[in-house]
Amino acid sequence: MRAMLVSEFGGPDQLRLGQAADPVAGPGQARIVVHAAGVNPVDAGNRADGSWAGLRVPCILGYDVAGVVDSVGEGVSGLAPGDRVMAMTHFLDGAGGYAELAVIDAGLAAPISAAVSFAEAAATPLAAGTALLVLSRLGLPAASRLLVLGASGGVGLFLLQQAAAAEIVTIGVGRQAMHAQMSALGATACIDYTREGVAARAQVLAGGPVDAVADLVGGTLAAAALPALRPGGQIAAIAAPELDLDPLLDANITFHGVLIADDGDRTQTLAALLDRQALRPVVSHVLPLAAAAEAHRILERRHASGKIVLDVTR
């Protein structure tokens, strides 16, 4: 099969098109003919050094896949050859999505209807699943005020939609060019972090301190936003923030570190939302499989304006 292989950890140029052995579905597994593969920031991290995820070179990156089942192993029920599905491959040390064939545990696959494109499906499992986890960990009731750092990114655009469905008031932080998109997907208000002080502006827009902060970018932005968070509030982060713990302790702030894990039920929930058009992936780039290195360059410039997907059929 064709696959994008990483033979040595390093920069985007380490992604090279090559041939790999066709995987075979074992007991409890399904093999998918991959039509589209999602590209996520974790893929770039794994390409640079996948040892943290248990990956060893040569390896095939990619956790998000969508395609058609072509075979199933012994003991599999509920899936059959010809089924259209989306899945997140085993996390962390599974990957394998940037290829024409991928084998997964059958329980990780979710059927998708013909109304959902493979590109939309491949853009969804990891990013939208992470957004669901963030909101689950925060457990905010309706009318709570949530400041979303990185709201214009892949996870952020899903989180805005899910929060709006839960009647949570969201203030999205992102570039001005993305504000119309963020508002259309559910943001109550938007802040351009390049032009405004996030903490002060957030309190003006919220009419006071916010109840929680979702940090989807890491780095220094959470510390800059911290003055907008009420005492006893919460922070949920999917990337390591640079935070002094003393102010958190003094204000009784709860910090949640969020890392996604395998969950086929979650993927089925997301597939159902896609089918009902209750969740809309924002796909900004669809590139051929051989252009995976360029996809990573776009990703690492940090302004993709949506999800990047590889068309594995091209």
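The values are calculated or read from the model by the stated rules, or taken from the named source; none is laboratory data. What you are looking at is a predicted structure, and each value in this text was computed from that prediction instead of being measured. Backbone-built Cβ (ideal geometry, glycine too); neighbour counts: all protein chains shown. These accessible areas exclude ligands, DNA and RNA; they are computed on the full protein's heavy atoms, side chains included. Shrake-Rupley method; radii C 1.70, N 1.55, O 1.52, S 1.80 Å.
The single condition among (1) aliphatic (A, V, I, L, M); (2) under 23 Å from Val282 (Cβ atoms); (3) crowded, with 20+ Cβ neighbours inside 10 Å that Val210 does not meet is (2). Within region 113-153, the set of residues being over 19 Å from Gly62 (Cβ atoms) and charged (D, E, K, R) comprises Arg137, Arg145.
Does Val134 satisfy being buried (at least 19 other Cβ atoms within 10 Å of the Cβ), more than 30 Å from Leu205 (Cβ to Cβ) and not basic (Lys, Arg)? Spell out the reasoning first.
Values: buried (at least 19 other Cβ atoms within 10 Å of the Cβ): yes; more than 30 Å from Leu205 (Cβ to Cβ): no; not basic (Lys, Arg): yes.
When the stated conditions are applied, Val134 does not pass them.
Confirm whether Glu294 is among the acidic types (Asp, Glu), farther than 29 Å from Ser113 by Cβ and surrounded by 15 or more Cβ atoms within 10 Å (Cβ to Cβ). When the stated conditions are applied, Glu294 passes them. Scan region 114-122 and give yes if some residue there is surrounded by fewer than 24 Cβ atoms within 10 Å (Cβ to Cβ) and under 20 Å from Leu15 (Cβ atoms), otherwise no. Looking for residues that are surrounded by fewer than 24 Cβ atoms within 10 Å (Cβ to Cβ) and under 20 Å from Leu15 (Cβ atoms), one finds at least one in region 114-122, hence yes.
Inclusion of Leu138 among residues that are modelled with pLDDT of 95 or more and within 13 Å of the chain's Cα centre (by Cα) is not warranted.
Consider region 36-69 and keep the residues that are open to solvent by 10 Å² or more (accessible area, probe 1.4 Å), touching a Phe, Trp or Tyr at 6+ places or on another chain (Cβ under 9 Å) and in a loop (DSSP other than H, G, I, E, B). The one that is nearest to Ser113 (Cα to Cα) is Leu55. Taken over region 203-244, the criterion of being in contact with a strand residue (DSSP E or B) (Cβ under 8 Å, 6 or more places away or on another chain) and in a helix (DSSP H, G or I) is satisfied by Gln203, Leu205, Ala206, Leu221, Ala222, Ala223, Ala225, Leu226, Ala228.
Hey, among the residues in region 256-276 that are assigned to a loop (DSSP other than H, G, I, E, B) and in contact (Cβ under 8 Å) with a residue 60 or more places away in the chain, which one's surrounded by the most Cβ atoms within 10 Å (Cβ to Cβ)? Reasoning before the result, please.
Of the residues in region 256-276, the ones assigned to a loop (DSSP other than H, G, I, E, B) are 258-263, 276.
Among the residues that remain, those that are also in contact (Cβ under 8 Å) with a residue 60 or more places away in the chain are: 258, 260-263.
Values: Val258: 20, Ile260: 23, Ala261: 11, Asp262: 17, Asp263: 17.
Filtering first and then ranking leaves Ile260.
Reported count of residues in region 196-234, each being of a type in the set (Val, Ile, Thr) and free of Cβ contacts under 8 Å to residues at least 40 places away in the same chain, is 2.
Within region 149-177, how many residues are open to solvent by 10 Å² or more (accessible area, probe 1.4 Å), in a helix (DSSP H, G or I), closer than 19 Å to Tyr193 by Cβ and touching a Leu at 6+ places or on another chain (Cβ under 7 Å)?
So the count comes out to 1.
Considering only region 297-311, I want to know if a residue exists there that is more than 18 Å from the chain's Cα centre (by Cα), under 23 Å from Ala165 (Cα atoms) and part of a strand (DSSP E or B). No, region 297-311 contains no residue that is more than 18 Å from the chain's Cα centre (by Cα), under 23 Å from Ala165 (Cα atoms) and part of a strand (DSSP E or B).
If only one of Val33, Val116, Val42 is touching a strand residue (DSSP E or B) at 6+ places or on another chain (Cβ under 6 Å) and among the aliphatic types (A, V, I, L, M), which one is it?
Working: Val116 fails: touching a strand residue (DSSP E or B) at 6+ places or on another chain (Cβ under 6 Å); Val42 fails: touching a strand residue (DSSP E or B) at 6+ places or on another chain (Cβ under 6 Å).
When all the criteria are applied, what remains is Val33.
Considering region 70-105, and only residues there that are open to solvent by less than 40 Å² (accessible area, probe 1.4 Å) and within 18 Å of Ala272 (Cβ to Cβ), the residue that is farthest from the chain's Cα centre (by Cα) turns out to be Leu79.
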